[in-house]
Amino acid sequence: MKTIQTRYGASVELTITIDDDLADTATIYVGLPQETAIFTKTASFTSGVADLSLDPTDTELPLGTYNYQINVSYTDGRLDKYPNPANCDGDSLPEFIVLEALDVTEVS
């Protein structure tokens, strides 16, 4: 999974594709290790594609580097969490970086 970089208060579009007809929803969790997620957003799958749309209010976070994880729920009760630990260095999670914007003042 790739690093996501966004400006403070910007919209972010993420497309999740799964080749499994039982895929139901995809949820992104953004936060810091060993803390409750700062925000989550869920989208439903249609024909194997879920479009996670982060609104400007979702990215109005204090500037800095966070981590993210994507969970995929299936109609048969399965739950997959990405990135898969088998594909990571240790327990690392991909980064979600919020950068400054010139048109909006960061709110701490």
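Would you check if there is a residue in the range 44-55 being loosely packed, with under 13 Cβ neighbours inside 10 Å, without any contact (Cβ under 8 Å) to a residue 12 or more places away in the chain, more than 19 Å from Leu93 (Cβ to Cβ) and out of contact with any Gly (no Cβ under 8 Å at 6 or more places or on another chain)? Yes, the range 44-55 has at least one match. Taken over the range 1-10, the criterion of being surrounded by 12 or more Cβ atoms within 10 Å (Cβ to Cβ) and either closer than 14 Å to Asp80 by Cβ or among the hydroxyl-bearing types (Ser, Thr, Tyr) (or both) is satisfied by Met1, Thr6, Tyr8.
As a summary of the residue check, Glu106 satisfies the conditions (1) surrounded by 13 or more Cβ atoms within 10 Å (Cβ to Cβ); (2) within 11 Å of the chain's Cα centre (by Cα) except for the one numbered (2).
Residue-level check: of (1) closer than 30 Å to Ala101 by Cα; (2) touching a residue at least 12 places away in the same chain (Cβ under 8 Å), Gln34 misses just (2).
Per this entry, Tyr82 is not counted among residues that are at negative phi and touching a Pro at 6+ places or on another chain (Cβ under 8 Å).
In the range 11-38, the residue that is farthest from Thr75 (Cα to Cα) out of those that are surrounded by 18 or more Cβ atoms within 10 Å (Cβ to Cβ) and hydrophobic (A, V, I, L, M, F, W, C) is Val12. Among the residues of the range 19-36, those identified as of a type in the set (A, V, I, L, M) and farther than 17 Å from Ser53 by Cα are Leu22, Ala23, Leu32.
Rule-based calculations on the coordinates, nothing more; no lab input. Bear in mind that the values here come from a model prediction, so they are computed numbers and not experimental data. Note: ideal-geometry Cβ built from the backbone for every residue, glycine included; neighbour counts use all protein chains shown.
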